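Asks: Here it is, the structure, as structure tokens.
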Ligand SMILES: [Cu+2]
């Protein structure tokens, strides 16, 4: 027992380092802009979401501009408003597909699931682990999920980066054409 303690500590530190590294790689891609807070002067853009499309194919923005998006989901399916470049949005689809596959995300909303955590170092295999109820989280700073029948706000400050899209990365939606472009003017 005395000999295993330092090993446990080292394992915990390595795990913490790995977790931190993956959090960084999951962070914002550089230079696409950042989340912001609206002021009374902030321009508002209304975006209607339906099954399976956005109300517009392109949105004009100015470099450095902060825009308040009011996103109204009039469909029966969950939709997303994801700001980014096509390559990372396509990559994000894999993450969303995994969430749907493990049941934490359904086509119409977020679900709860139970995850069993292994007990470590206790030598106790009965019960098999520690249960945790997990709600689907989608906390990417550049995206927001809008449940069917709801309206959400999303405020974003654009950089001067070109080739930015808004897209829904729920499985099949991007391919069905649920993507549009920001035009820098
Ligand atoms: Cu969608």
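Asks: Say we look at the stretch 93-132 and pick out the residues that are part of a strand (DSSP E or B) and surrounded by 13 or more Cβ atoms within 10 Å (Cβ to Cβ); which of these is modelled with the lowest pLDDT?
Replies: Taking the candidates together, the pick is 113.
Asks: Might you check whether a residue that is touching a helix residue (DSSP H, G or I) at 6+ places or on another chain (Cβ under 7 Å) and within 15 Å of the ligand (Cβ to nearest atom) occurs anywhere in the stretch 53-72?
Replies: no
Asks: Filter the stretch 78-92 down to the residues that are surrounded by fewer than 17 Cβ atoms within 10 Å (Cβ to Cβ) and touching a residue at least 60 places away in the same chain (Cβ under 8 Å) and list them by number.
Replies: 86, 90
Asks: Quick check on my filter: what residues within the stretch 155-183 are more than 13 Å from residue 84 (Cβ to Cβ) and assigned to a strand (DSSP E or B)?
Replies: Passing the criteria: 155, 157, 183.
Asks: Keeping to the stretch 141-164, report how many residues are within 15 Å of the ligand (Cβ to nearest atom) and buried (at least 20 other Cβ atoms within 10 Å of the Cβ).
Replies: 5
Asks: Still on this structure, I have one more. Restrict the check to the stretch 30-51 and report whether at least one residue is modelled with pLDDT of 95 or more, assigned to a loop (DSSP other than H, G, I, E, B) and under 26 Å from residue 107 (Cα atoms).
Replies: yes
The values are calculated or read from the model by the stated rules, or taken from the named source; none is laboratory data. Nothing here was measured: the structure is a model prediction, and the numbers come from that model. Glycine also receives a Cβ, built like all others from the backbone with ideal geometry; neighbour counts cover every protein chain displayed.
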